[in-house]
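The values are calculated or read from the model by the stated rules, or taken from the named source; none is laboratory data. Bear in mind the structure is a predicted one, so any value in this text is a computation, not a measurement. Backbone-built Cβ (ideal geometry, glycine too); neighbour counts: all protein chains shown.
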Ligand SMILES: NC(=O)c1ccc[n+]([C@@H]2O[C@H](COP(=O)([O-])OP(=O)(O)OC[C@H]3O[C@@H](n4cnc5c(N)ncnc54)[C@H](OP(=O)(O)O)[C@@H]3O)[C@@H](O)[C@H]2O)c1
């Protein structure tokens, strides 16, 4: 019991429920507290997951001296405020994607983590899926030659009522921040460097947010990433990494990738199928606990400077769209 990492969860929405389930399957994690803006929701969530402490404000959880690490599952516009409050109290933080709404906020969040000397990580599940680490191994081994292009899409096809977080620009909604971040982060993981050119198109829907968009990123050796993202559009959730000698296909990349295929000269030469254990959020929770046990202040699989770089790319993509979020301040004006 003494060696368990003690977690607190801020907010009781969709993803916080999934994260609570993920923690419950990890023997070295103790889910000690949950906080909501309302006491009723905190108590209900605590009862559902057998959590000993339920707080009626996020600040009370941040002030709980027994908590080691806080998971932030609030809308994008609150990530900086909520994470900063916890880090200022000496807590480690795992903050949902997108880390913030713009690069300026991301830099501020990372600055605070470093000032307080606490662990911080953006919750980006694909970085921690074992099967995707095998993709990186294939690339490193030169199995597809030189990587020249990448194609990935992350399209949800939800029906969101007016005001729902996903399409509400006041809460940092829209396809770029909500799902575009996955494909941009994926391109960043594969090419492992910032792009030199960025272009994008979007459709701004009736609710004032980007319902769907595409982005093309070009890198210094001419490599290109072709990315699409949407919130109301059906799509095949797969990705291709294209090289001079062959390509890698990843099925269900952003849902739960369970199959990767290596294709050389149009022939499938290697296939790995591997089931996901749990609901996949357990992989990122395990990585946080590994880092805490080893005294790391950031994860090598989702470095903080890379999270900032990803926010910078998203700022660049949306600048020509005239798309602004409620707490955009100096930049993108
Ligand atoms: N990793 C993934 O697979 C994944 C999937 C979905 C979402 N996400 C990310 O998780 C975060 C939350 O998404 P979600 O789908 O869980 O959202 P959600 O269901 O709307 O839940 C968000 C929660 O944030 C709290 N909150 C604080 N201020 C709020 C405000 N002004 N309006 C609405 N809610 C507010 C609420 O909890 P209380 O009322 O209890 O305070 C609410 O339940 C986002 O960053 C999103 O991108 C990640």
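Among what's in region 227-266 and is in contact with a helix residue (DSSP H, G or I) (Cβ under 9 Å, 6 or more places away or on another chain), within 17 Å of residue 184 (Cα to Cα) and at pLDDT 90 or above, pick the residue that is surrounded by the most Cβ atoms within 10 Å (Cβ to Cβ). Filtering region 227-266 for residues that are in contact with a helix residue (DSSP H, G or I) (Cβ under 9 Å, 6 or more places away or on another chain), within 17 Å of residue 184 (Cα to Cα) and at pLDDT 90 or above, the one surrounded by the most Cβ atoms within 10 Å (Cβ to Cβ) comes out as 229.
Scanning region 51-79 for residues being within 11 Å of the ligand (Cβ to nearest atom) and either over 25 Å from residue 166 (Cα atoms) or assigned to a loop (DSSP other than H, G, I, E, B) (or both) gives a total of 8. Candidates 59, 35: the one that is more than 23 Å from the chain's Cα centre (by Cα) and at pLDDT 95 or above is 59. Any chance region 296-317 includes a residue that's modelled with pLDDT under 95 and within 20 Å of the chain's Cα centre (by Cα)? No.
If we keep just the residues of region 85-105 that are within 13 Å of the chain's Cα centre (by Cα) and over 21 Å from residue 290 (Cα atoms), which is surrounded by the most Cβ atoms within 10 Å (Cβ to Cβ)? Result: 100. For first residues located in region 50-67 and crowded, with 21+ Cβ neighbours inside 10 Å, partners that are assigned to a loop (DSSP other than H, G, I, E, B) and lie 6+ apart or on another chain with Cβ distances below 7 Å form the pairs 61/67; 62/89; 62/91; 67/91. Within region 260-276, restricting attention to residues that are more than 16 Å from the ligand (Cβ to nearest atom) and in a loop (DSSP other than H, G, I, E, B), the residue that is farthest from residue 16 (Cα to Cα) is 265. Counting the residues of region 1-50 that are part of a loop (DSSP other than H, G, I, E, B), in contact with a strand residue (DSSP E or B) (Cβ under 7 Å, 6 or more places away or on another chain) and within 13 Å of the ligand (Cβ to nearest atom) gives 1. Count of region 114-137 residues, restricted to those that are within 24 Å of residue 260 (Cβ to Cβ) and either in contact with a strand residue (DSSP E or B) (Cβ under 7 Å, 6 or more places away or on another chain) or within 15 Å of the ligand (Cβ to nearest atom) (or both), is 12. Out of everything in region 114-129 that is over 16 Å from the mean Cα position of the chain (by Cα) and outside any loop (DSSP other than H, G, I, E, B), what residue ends up being surrounded by the most Cβ atoms within 10 Å (Cβ to Cβ)? In this case the residue turns out to be 116.
Take residue 149 and decide whether it is over 17 Å from residue 233 (Cα atoms), assigned to a strand (DSSP E or B) and outside the structural domain of residue 222 (by TED's automatic domain parsing). Considered against the rule, which asks whether it is over 17 Å from residue 233 (Cα atoms), assigned to a strand (DSSP E or B) and outside the structural domain of residue 222 (by TED's automatic domain parsing), residue 149 comes out as no. The residues on offer are 310, 271, 264, and the sole one that is touching a strand residue (DSSP E or B) at 6+ places or on another chain (Cβ under 9 Å) and either within 29 Å of residue 93 (Cα to Cα) or outside the structural domain of residue 189 (by TED's automatic domain parsing) (or both) is 310. Of all the listed residues (186, 191, 160), the sole one being surrounded by 19 or more Cβ atoms within 10 Å (Cβ to Cβ), within 16 Å of the ligand (Cβ to nearest atom) and within 21 Å of the chain's Cα centre (by Cα) is 186.
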